[in-house]
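Here is the structure we will look at, set down as structure tokens.
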Amino acid sequence: MQIPTPLQSPSLLEQQHPSGSGAGHLLSTLKTYKYAENRAPVLEVMDIQKRFDQFQALNHINLDVQAGEFVSFLGPSGCGKTTLLRIIAGLEQPDYGKVIKKGVDITRQQAEKRRCGIVFQNYALFPNLTVKENIAFGLSKNQWSSAERDERVHLLLDLIELPDIAGKYPNQLSGGQQQRVALARAIAPKPDVLLLDEPLSALDAQVRLNVRQKIRSIQQQFDLPTIMVTHDQEEALSISDRVVVMNHGVIEQIDSPHNIYYKPQTSFVARFIGSMNFLDAVCQQPHQLDILGSMSLNFPQQNLQVGQHYTLGFRPESVMIVEEAAADEQFLYMPVQVKSSEFLGAKRRLFCEIELENMPSADVPTLQIEIENAQSAQIQTQMLIRVAHPLIHIFDEQGRALC
Ligand code: ATP
């Protein structure tokens, strides 16, 4: 869902992966990890609740955004991301809870007084105004002299790397250029917070990448706290300091991109971000799980409840193909039959069935395995795979992660 376009109404304007892989991801995580200092948040969302008739769109939402932080709201369609952004922007009123900006309660403040810059999915530029006029629109003549307005516009045009388009009209620009102008317009009045509602979803893949890097670099340059709504996990993980994963109006996890991927706190997050294989398990004796009724594995560190059902999860890239099982409790071994495979460039994804005696074929889970293409020679129709203990996640019956 897209935010209605109030801008068309001028009055409203204003730790490394245990297996050692994923070095690129690690680098971006290290670069963005900066929560050692306990700075006061710029924005606090406290216990927000919102209903539309009988439908609970948001339920007990709590989060904060620190100075200079880039936070993404990520989740499936209808989970409440846009509603939450609209409440922060002042375009929607919560039924309960508070929005605090720089220590001031702005829950009931009008949108145009909140000092929030907003960028919409569909650019929402004024078609009858030039680029320069669009960018300068929020620069009040009482606060900005004509020379200051000109200077600000040209600074921003340089920043978005479109210095020569001041006199053009929106319909003379590409989608990517329009979105960059929309970004310049949103940050021109020096807002306290930048709010982005799916700003990249109308752009094609290459332009998208380009604009997303531009957004991140400008946001960092101005040290501008930013919230972006997206349903694109790659987008959220690649440029955010923290990601808020939402589902059915509640927050499942708020964390760094690294932890969202490698330490999902719920089975929903594990399932929603990337791919994960799941196996049913039951605890028959302390610290031990019986998996699919035919394998067992010890988890000496885990406080498992006898008689309880659990779900084991592991990522496709956590699987290794091996010749034989070692007498080693550090691994879960499974014989599998390869059913199909997909070429993914540097990698290959295999779809396999676990070979289990006494299990009706309809109940046999299909596993996804990801290997380097260079290892393709290891693939056989029937093979043995293993997953190292530390790469296995355990979820309880409520979907909460034990590890
Ligand atoms: P999407 O990614 O599809 O935009 P979203 O996560 O942003 O979804 P919201 O737009 O916040 O979801 O909507 C959350 C839920 O609230 C949806 O079920 C939506 O239909 C409902 N909703 C949103 N606005 C209204 C409204 N004004 N009146 C009634 N229901 C609404």
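The values are calculated or read from the model by the stated rules, or taken from the named source; none is laboratory data. Worth saying up front: this structure is predicted, and the values here are computed from it rather than measured. Heads up, the Cβs are rebuilt from the backbone with ideal geometry, glycines too, and the neighbour counts pull from every protein chain shown.
Taken together, PRO163, PRO170 contain a single residue that is of a type outside the set (Phe, Trp, Tyr), farther than 18 Å from ALA67 by Cα and surrounded by fewer than 17 Cβ atoms within 10 Å (Cβ to Cβ), which is PRO163.
Can you name every residue in the stretch 75-85 that is surrounded by fewer than 24 Cβ atoms within 10 Å (Cβ to Cβ) and more than 6 Å from the ligand (Cβ to nearest atom)? Passing the criteria: PRO76, LEU85.
Looking only at strands (runs of 3 or more DSSP E) that fall completely inside the stretch 264-382, which ones have 2 or more residues that are of a type in the set (Val, Ile, Thr) and on the phi < 0 side of the Ramachandran plot?
Of the strands (runs of 3 or more DSSP E) lying wholly inside the stretch 264-382, those with at least 2 residues that are of a type in the set (Val, Ile, Thr) and on the phi < 0 side of the Ramachandran plot span 319-322, 331-344, 366-372.
Taking each residue of the stretch 76-96 that is within 10 Å of LEU58 (Cα to Cα) and looking for partners that are assigned to a loop (DSSP other than H, G, I, E, B) and more than 12 Å from the ligand (Cβ to nearest atom) with beta-carbon atoms closer than 8 Å, six or more apart or interchain, yields PRO94/THR107.
From the list LEU129, LEU91, LEU157, the one residue that fits, being of a type outside the set (Asp, Glu), away from the ligand (no atom under 16 Å from the Cβ) and not in a helix (DSSP H, G or I), is LEU129. Scanning the stretch 262-275 for residues that are surrounded by fewer than 16 Cβ atoms within 10 Å (Cβ to Cβ) and small (Gly, Ala, Ser) turns up at least one hit.
SER11 fulfils the conditions (1) closer than 24 Å to ALA188 by Cα; (2) surrounded by 14 or more Cβ atoms within 10 Å (Cβ to Cβ); (3) at pLDDT below 95 except for a single criterion, (2).
Screening ARG216, ARG271, ARG212 for residues that are basic (Lys, Arg), under 28 Å from GLN398 (Cβ atoms) and outside the structural domain of PRO365 (by TED's automatic domain parsing) leaves exactly one candidate, ARG271.
Matching residues to (1) out of contact with any helix residue (DSSP H, G or I) (no Cβ under 6 Å at 6 or more places or on another chain); (2) surrounded by 16 or more Cβ atoms within 10 Å (Cβ to Cβ):
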{"residue": "PHE73", "(1), (2)": "no, yes"}
{"residue": "PRO94", "(1), (2)": "no, yes"}
{"residue": "ARG108", "(1), (2)": "yes, no"}
{"residue": "CYS116", "(1), (2)": "no, yes"}
{"residue": "PRO127", "(1), (2)": "no, no"}
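Table: residues versus (1) surrounded by 18 or more Cβ atoms within 10 Å (Cβ to Cβ); (2) part of a helix (DSSP H, G or I).
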| site | (1), (2) |
| --- | --- |
| LEU183 | yes, yes |
| LEU195 | yes, no |
| PRO199 | yes, no |
| ARG208 | yes, yes |
| ASP223 | no, no |
| MET246 | yes, no |
| GLN253 | yes, no |
